1. Run down Val124, Val79, Val75, Val92 and say which single residue is touching a Leu at 6+ places or on another chain (Cβ under 8 Å) and closer than 19 Å to Lys157 by Cβ.
2. Residues of region 306-357 being free of Cβ contacts under 8 Å to residues at least 40 places away in the same chain, among the small types (Gly, Ala, Ser) and either crowded, with 17+ Cβ neighbours inside 10 Å or touching a helix residue (DSSP H, G or I) at 6+ places or on another chain (Cβ under 9 Å) (or both), which ones?
3. Mind counting the residues in region 229-253 that are closer than 21 Å to Glu189 by Cα and surrounded by 22 or more Cβ atoms within 10 Å (Cβ to Cβ)?
4. Anything in region 650-683 that is assigned to a loop (DSSP other than H, G, I, E, B) and within 20 Å of Cys620 (Cβ to Cβ)? List them, or say none.
5. So which pairs qualify, if the first residue must be in region 361-376 and under 16 Å from Ile306 (Cβ atoms), the second must be outside any strand (DSSP E or B) and among the charged types (D, E, K, R), the Cβ gap must be under 9 Å, and the two must be at least 6 apart or on different chains?
6. Among the residues of region 244-280, what is the count of those that are modelled with pLDDT under 95, under 27 Å from Pro129 (Cα atoms) and polar (S, T, N, Q)?
7. Test of understanding: among Gly201, Gly188, Gly183, which residue is over 37 Å from the mean Cα position of the chain (by Cα) and over 11 Å from Leu242 (Cα atoms)?
8. Within region 145-180, can you find the residues that are over 57 Å from the mean Cα position of the chain (by Cα) and acidic (Asp, Glu)?
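The values are calculated or read from the model by the stated rules, or taken from the named source; none is laboratory data. All figures in this text were calculated on a predicted structure; none of them were measured in a lab. Here Cβ is always computed from backbone atoms with ideal geometry, including for glycine, and neighbour counts include all displayed protein chains.
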Amino acid sequence: MKRRLPGARAAVAALVCAVTLCSGTGYAVAVPLVAPATAAEVVTRLARAPGVAAAVPPGGLVTYTLTARNNGPSVARNVTATDTLPEGLEFVSSSDGCTAAGRIVTCGPEPQLSVGEVKTWTFVVQLSPSYQGNGSDLGNTATGTSESVDPDPGNNKTDPVSPIGPFDPVSDINTVKEALGSGPIVPGEDFEYRITTQNTGPSDARNVTATDNLPAGITFVSSADPCVAAGQRVTCGPLGVLPPGASVSWVFRVKLSEAYSGDGTNLRNTATSTSDSTDPNPTDNTSPPVLPPGGVTRPQADIWTIKRPTTSTPISPGQTFEYTVVVTNDGPSQALAVRLADTLPTPLAFVSSPDGCTATGQNVSCGPQAVLAPGAAKTWRFTVRLDPNYRGDGSDIANTATATSDTTDPVPGNNTSPPAGLPGSAVNQPYADLAVTKEAVGTVAPIPGQTFDYRITITNNGPSADALNVRLSDELPPGLTYVSSSPAGCTVSGLAVSCRRATPLRVGETIEYTLTVRIDPAYKGDGSDLLNTARVTADNIDPAGENDTDTATVPGGQVAAPSADLAIVKKPVTTDPIAPGESFDYQVTVTNNGPSQAEEVRVTDTLPSSLTFVASDDECMSGDAVDCGPQATLAPGASVTWVFRVKLDPDYTGDGSDIRNTAVVHSVTRDPVAANNHSTAGTPGGRVEEPTADLQVTKKTP
């Protein structure tokens, strides 16, 4: 026993600290009172109740019991116990009047504690819900004091006491899912879900995540919160820490399929929350199933129509133009079997459609389009013709197109387009589009001097007026000359051919002219310079001048080489027979039967031995044979004649039947008929007279 301080009053207090851990979840640890030390000593100890070893989770409650024992020998007055809590523990309450200032818990003072008397205080602390340690930093001690002198203050302070571990977090989280808005939802509309996850503790819930497997027919759209989707699975979070008693809400937008046609009962779905903490009651982690807000109504598709002419260029009566009609689905649902109807005004007639529109009388029908998605548009085009006899200004021509579908339309007032009129909201004067085509008839290349035909066709393509005073003009090139034309009414002045129609050429009517021309017999080209153009005009406005002219070349596209059929006739000039020694004239005539001009025409004549060349007033000479010419050119149908004199041998004793000789014509121009290029003749009268001798006798005297 320690020696008492002199003069001190004998007051010995013993302090024993016991700890009981408990929480609303049933976790508890009890530490019993330890027997005091011997008298006059203050002894403080900490012990746990045998058989109780429940772990304290973060956020759990710990009950401490502080016991002060006075071991005497004197009465201890104003006995007080203090306990400085470590970080991680926080004072909650005390049924024995203990209080806390910051982290210091104070119990008492007990006014008087007799020798051997015990005073017990209990107070409750909470392990921080965020605690993540192993408990080594949670040990804490209690210290007892009084006004009496304590002969052994060393036992006034307990050994450190810690809650029982391990300190694994326990978080009871629950989930509520709500469909926001009043609804009902129309297929194709968006709406929002809110998932709320609440942590009822005791520990912080870490990495809290909510998942939602959306049913078929609902798809994720977006979220301002950290929610994303992979397929039909929406994941929100994770939230790093959700303290006990706190909740977190995630809102995400979804869309009901525009093609949905059910009643909504198959759209129930739930959300499930999880965390890294142990959940003592996982049955409430999944929310009750919810439906879209207000349920689901039948599909609705607001379709609206715009109609307009495709072009803004005014047209004339009889011309065609195209209307474009666009039907747009503003949703929210898809529109099924979209159709378009358009009743044309009387001056318009349906012509065709590249998009499958048809017409019965004035009623044009387009579609149906099987499915038109929300936000999508369907365009139909169709061509109409303005009546050729229309003479208005177009202000009386306006009509509408109306779209319908098998899906309910919440705004039927915009199904019919505003009225659409003619292009440019005006009508041009009646037009007569005259078109001319010109072609050479045949494919065989012509020869210079030959004739061939041009076929010229004039058509009034309208669209709206008969063509008045239709005139055809054709300026022939040098090398061609006019021969004739049909029908009547064409004239020629030089190389200019003009034809005029006396009566109007009606819309759609055609007139054909045949123009016969001749190639100059002297032409030497290949035909490439013989292109010529026909032009048509009338008193009307012609909207398409590009088809008012047409150019053609010769048949076969070229001119063949010149060809001249030369024929020769040789004869004596007289028919009176001659006698040996007498002279007579031969006449040789060459005729060009065409078709081309013959060039360098000459005649050769080899005389028999009984005849000799005498002379010629024409261009005939004698060498081995008589040679006449050449004539530089000989036109088709023209002839050239050469006359030359010959003498019968005075010694000739025959009757003339053996005197036959032939003249042959030659030219540098090809001759298609060689058989008539030579001619044979005999003596005049075809015979020779008996020889005659004019003897003269002269007598004279010496």
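1. Unique residue meeting the criteria: Val79.
2. Answer for region 306-357, where residues must be free of Cβ contacts under 8 Å to residues at least 40 places away in the same chain, among the small types (Gly, Ala, Ser) and either crowded, with 17+ Cβ neighbours inside 10 Å or touching a helix residue (DSSP H, G or I) at 6+ places or on another chain (Cβ under 9 Å) (or both): just Ser353.
3. Looking only at that region, the number is 3.
4. Ile659, Arg660, Ser667, Val668, Asn677, Gly682, Thr683
5. Cys366/Asp355
6. 2
7. Exactly one of Gly201, Gly188, Gly183 is over 37 Å from the mean Cα position of the chain (by Cα) and over 11 Å from Leu242 (Cα atoms), namely Gly183.
8. Glu147, Asp150, Asp152, Asp159, Asp168
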